[in-house]
Amino acid sequence: MQDRNLTRLRRWIATSDMARGARLPPERRLSEALGLSRAELRNALLVLESEGLLERHVGRGTFLARTPPPPRSAMGIDATIGALSETTGPVDALDARVVLEPALARLAALHATPKQLRSLQEMSDAMRGAPTWAAYEKLDHDFHSLIAAASGNTMLLALFDILNGVRQVVVWRRLAPADQQPERDYHSFDEHDAIVAALTTRDGAAAAKAMAAHLHATRAVLTQSYEE
């Protein structure tokens, strides 16, 4: 349970866009946003403080460290991503996503907080109006990363981070210029909405099925682009 609480807090910090040295929200607001009790939040804050990611100042609050230490496992993960990228192609990377991400979606249906669900819907809506492919791909990356974080499973989240790192290295390059706008009927729009709908109703089986359908459709587009 502690690992799950830490994962939620770490991911909230990572996606908050807070500047280094910025003050975190009051504990009451932060615990509500994360779906944690005040005691659970305090324990997680203490762990991140001990790692040097946070700084506490009596009477002032908790702040993001201005110069956080490098992640303890960063070199190991980077080395793993680098090695896998040398032997993995785009289709292989997507096949691995088909195996892992439906399981993450199933767990996210159980563990996602209301704030995470709202953020996912906002991202799905924003993707429809993305002005460029580059903007769309950033939102898509954040969408899938947030589902992984919402699963609450530290081990699966670590596997996702490795897989996502490899995917970003070996992913096929889009034929359309990055500054063009996605077509209005792009298949992923409705598929993302279906995933969010299943997560919101806490239907794990439907969330896994919707994620699998989305990734299979993406795989079909990828393989077709190679055939052309």
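The values are calculated or read from the model by the stated rules, or taken from the named source; none is laboratory data. Given the structure is predicted, the values throughout are model-derived calculations rather than measurements. With ideal geometry, Cβ positions are generated from the backbone for all residues, glycine too; neighbour counts draw on all protein chains shown. Surface accessibility is based on the protein's heavy atoms, side chains included, excluding ligands, DNA and RNA. Shrake-Rupley method; radii C 1.70, N 1.55, O 1.52, S 1.80 Å.
May I ask which residue of Trp133, Pro114, His144 lies farthest towards the positive end of the charge dipole of region 94-210, with charges of +1 (Lys, Arg) and -1 (Asp, Glu) on Cβ and the Cα centre as origin?
Selected residue: Pro114.
Pop out the carbon and sulfur fraction of the accessible area of the chain as a percent, whole number, probe 1.4 Å. If you can, show how the numbers build up before the last one.
On the way: 6770 of 12180 Å².
Heavy-atom surface of the chain belonging to carbon and sulfur, 1.4 Å probe: 56 percent.
Using only protein heavy atoms and a 1.4 Å probe, report how much of Thr200 is accessible, in Å² to the nearest 10.
Only protein atoms counted, so the area is about 80 Å².
Between region 7-28 and region 188-208, what's the alpha-carbon centroid distance in Å?
So the two Cα centres are separated by 27 Å.
Skip the ligands, DNA and RNA, and give the accessible area per residue of the chain with a 1.4 Å probe, whole Å².
Numbers: 12180 Å² over 228 residues.
That works out to 53 Å² for each residue.
Roll a 1.4 Å probe over the protein heavy atoms and report the accessible area of Arg219 in Å², nearest 10.
Approximately 70 Å² for this residue.
Region 94-151 to region 35-68: how many Å between their Cα centroids?
So the separation of the two Cα centres works out to 26 Å.
Can you sort Lys138, Lys209 by solvent-accessible area, 1.4 Å probe, largest first? Please report the intermediate quantities before stating the final value.
Numbers: Lys138 115, Lys209 150 Å².
Ranked list, largest accessible area first: Lys209, Lys138.
Would you mind telling me which residue in Ala105, Ala65, Ala210 has the biggest mean-square fluctuation in a Gaussian network model of the chain, where springs connect alpha carbons within a distance under 10 angstrom?
Ala65
When only the heavy atoms of the protein chains count and the probe is 1.4 Å, how do Val169, Val99 rank by accessible area, highest first? Could you put the intermediate results ahead of the total?
Details: Val169 85, Val99 115 Å².
Greatest to least solvent exposure: Val99, Val169.
Looking at the chain, I'd like the Rg to Rh ratio, where Rg is from alpha-carbon atoms and Rh is Kirkwood's inverse mean 1/r. Please list the in-between numbers first.
Values: Rg = 18.5 Å, Rh = 18.8 Å.
Rg divided by Rh gives 0.98.
Pick from Pro131, Pro26, Pro114: which is most flexible by mean-square fluctuation in a GNM of the chain where alpha carbon atoms under 10 Å apart are linked?
Pro26
Asp185: accessible area at probe 1.4 Å, nearest 10 Å²?
130
Tilt of helix 74-87 relative to the longest C-alpha principal axis of the chain, in degrees (0 to 90, nearest 10)?
Between helix and principal axis, roughly 10 degrees.
Between the helical axis of 114-128 and the dominant principal axis of the chain, each derived from Cα atoms, what acute angle in degrees is found, rounded to the nearest 10?
The angle comes out at about 40 degrees.
Explain nothing, just the number: relative contact order of the chain, from Cα pairs under 8 Å at least 6 residues apart, as a whole percent. Could the numbers behind the result be given before it?
Values: 263 pairs, mean separation 58.0, N = 228.
Relative contact order comes out at 25 percent.
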